[in-house]
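Below is one structure, written out as structure tokens; the observations come after it.
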Amino acid sequence: MSDCVENGKSRNPSWNELINKLKAELNISEKENDFLKIAQLFYLKYVEEKNIKGYYKKIEESINYDIEPSEIHKLLFQINPNTIITTNWDIVLEKTAVETGYIYDVIKKDEDLVNSHLSQKIIKMHGDLKAKNIVFKEDDYINYKDNFPLIENYIKSILSTNTILFLGYSYNDINLKQITKWLQNKSKHRPKMFLLMFEKNEAQEIYLKNHGIEVILLDENIETNIKYNDKSNRTLYFLNEIKNRN
């Protein structure tokens, strides 16, 4: 789930924005578009300088921990999902749960999953900056199943037994794609998965269908009468429909 923006309020940088900052620091050509390679080069720069703490500090400086939960974040918890899986490193979901009175175990690493006693969980499948175990560079993605074996298997079990909604997410994470493809190859029987889209895109719909995902199109004709930007309006409308069992 990506961070929600309402009327231009503060947000964390997108993947593209963060990578562009690294390109500038590393003096890499703007034509280079292998994001994982760029992240790996950024890491290796700090390894050569024997300054891993500096590596995490530099990334952490780009993350805004003071972002307040949006109406979308709050409404997400009101529909009472058993499990929320995020690839983000920030703390806005944990912050929302605390401020709205919902109790979830936060899973940042395999050890957290072993010690978890609540059925409701927030799974930070790409780790956490404070825990210094983020999935960011090329090696992190390649070695994901070795670094997060319990979390990976737990996500497989969630996707195998629950209806899944991808919200604020473009389905571009290679680890998640590997998990969904693994499930497709192992069984033809599993609950449905849905992804919200805001514009008709037949090629993307065919691609998602190949991964077993159905598209829910929230087109621009939805009359929401809500005060935020267009995509936030439509997302809030949709979540309210779920909340009200419509």
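Points to keep in mind about this one:
- Under the simplified labelling scheme, the residue 45-residue 177 pair shows an inter-label distance of 2.6 nm, with each label point 7 Å from Cα along Cα→Cβ.
- When the trypsin sites (Lys or Arg not before Pro) in segment 152-241 are filtered for DSSP coil states and for at most 15 other beta-carbon atoms within 10 Å of their beta-carbon, the remaining sites are 188, 192, 200, 227.
- Calculated P(r) tail over 16 Å for segment 1-117, as whole % of Cα pairs: 69
- Estimated D of the chain in µm² per second, where Rh is the Kirkwood radius over Cα pairs and Stokes-Einstein applies at 10 °C, 1.306 mPa s: 82
- Under the combined filter of DSSP loop state and at most 11 neighbouring Cβ atoms within 10 Å, segment 30-84 retains these GluC sites (Glu not before Pro): 30, 49, 61.
- With a threshold of 29 Å on the Cα-Cα distance, the over-threshold entries among 45/124; 121/186; 130/200; 121/181; 37/109 are 130/200.
- As a size descriptor, the averaged projected area of the C-alpha convex hull of segment 79-159 was calculated at 5.4 nm².
- Eligible aspartates and glutamates near residue 23 by straight Cα distance, threshold 20 Å, same-chain separation 8 or greater: 32, 34, 48, 49, 60, 61, 138, 139, 140
- The string of couplings for segment 70-80 from the Karplus curve (6.51, -1.76, 1.60, θ = phi - 60°) is 8, 4, 5, 4, 5, 5, 4, 6, 5, 7, 6 Hz, one whole number per residue in order, with x for Gly and Pro.
- Fraction of accessible area attributable to carbon and sulfur, the chain (%, probe 1.4 Å): 47
- Largest to smallest accessible area among 89, 15 [probe 1.4 Å]: 15, 89
- Between amide H atoms placed 1.01 Å from N, distances below 5 Å from residue 128 occur with 133, 134, all of them 5 or more places distant or on a separate chain.
- Per residue accessible area in Å² of segment 15-115, where ligands, DNA and RNA are left out and the probe is 1.4 Å: 56
- In the context of the full set of protein chains, segment 132-235 has a per residue accessible area of 58 Å² (1.4 Å probe).
- Residue-wise HN-Hα couplings along segment 233-244, as the Karplus relation 6.51 cos²θ - 1.76 cosθ + 1.60 with θ = phi - 60° gives them from phi, are 4, 5, 5, 4, 4, 5, 5, 5, 4, 5, 4, 8 Hz; Gly and Pro carry x.
- Inter-centroid distance (Cα atoms) of segment 104-140 relative to segment 57-100, Å: 14
- Cα pair count fraction exceeding 16 Å, expressed as % - segment 132-201: 55
The values are calculated or read from the model by the stated rules, or taken from the named source; none is laboratory data. This one's a predicted model, so the numbers in the text were calculated from it and none came from an experiment. Note: ideal-geometry Cβ built from the backbone for every residue, glycine included; neighbour counts use all protein chains shown. Side chains included, ligands, DNA and RNA excluded: accessible areas come from the protein's heavy atoms. Shrake-Rupley method; radii C 1.70, N 1.55, O 1.52, S 1.80 Å.
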